[in-house]
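The values are calculated or read from the model by the stated rules, or taken from the named source; none is laboratory data. Note that the coordinates shown come from a computational prediction; the quantities given were computed from them, not determined experimentally. Positions of Cβ are backbone-derived with ideal geometry, glycine not excepted, and every protein chain shown enters the neighbour counts. With ligands, DNA and RNA removed, areas are computed over all heavy atoms of the protein, side chains included. Shrake-Rupley method; radii C 1.70, N 1.55, O 1.52, S 1.80 Å.
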Amino acid sequence: ASKDGKVYWEEYKDNELSTERPYSIIKFRQDGESLTSPTLSISTNIRGNFWDSHLANPANASKTKVAILKDIILSGRTDVATSEVSSKNITIKGVDYLQVTVSPDTSSYGVRSETSDLYFFTVQHDRPYWAVISNSETDSALQATYEQIIATLSYSPTDAAILGSTQPKIS
């Protein structure tokens with residue numbers, strides 16, 4: 001929730017997540033797994049005017065909102081060592097997503113660990129949503145479980161009263 005220019009949050013875990021409420025970030029991680037095990041994060045931006053500055057940018061004139069969202073989220077991820085491997089439009093349980101595979105730079109002490117992050121971008125009720133399965137290739141069974149969780153997501157219209165009023169300006 002957002003009041004007086006500040007953002008307030010509550011943290012929920014375990015069975016508390018089964019209550020229907022407007023989540024802005026949900027993170028899943030299997031208990032007892034290593035740091036390299038896959039994780040799932042599902043997010044949205046809580047600012048009411050999220051699209052304003054992005055749609056006003058002439059560089060985005062011919063792009064869809066999903067393409068703009070992808071560029072925003074991946075802008076800090078893609079560099080010389082991290083690259084977009086593939087991108088395709090998919091539908092999961094009636095929801096259209098742009099699925100993007102990113103190969104991050106996971107070099108440590110001169111040893112590169114081959115993995116990838118799997119992103120799912122969608123715009124529902126004019127709100128941006130993205131899910132990412134990090135380290136998706138390290139455990140195919142857990143990745144499949146996370147994809148099943150994505151298939152259960154529902155996107156309800158957002159109550160404008162809980163959205164933040166301003167989005168930081170993009171220069």
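Points to keep in mind about this one:
- Rounded FRET efficiency, nearest 0.05, which uses the C-beta distance separating ALA56 from ASP31 and R0 of 41 Å: 0.40
- Protection proxy ranking of 54-65, 11-22, 118-129, 136-147 - average other beta-carbon atoms within 10 Å, highest first: 118-129, 136-147, 54-65, 11-22
- Length gained when the stretch ASP96-ASN15 is fully extended (0.36 nm per residue, less Cα-Cα span): 26.3 nm
- Note that the stretch 116-160 presents 44 Å² accessible area per residue, ligands and nucleic acids not counted, probe 1.4 Å.
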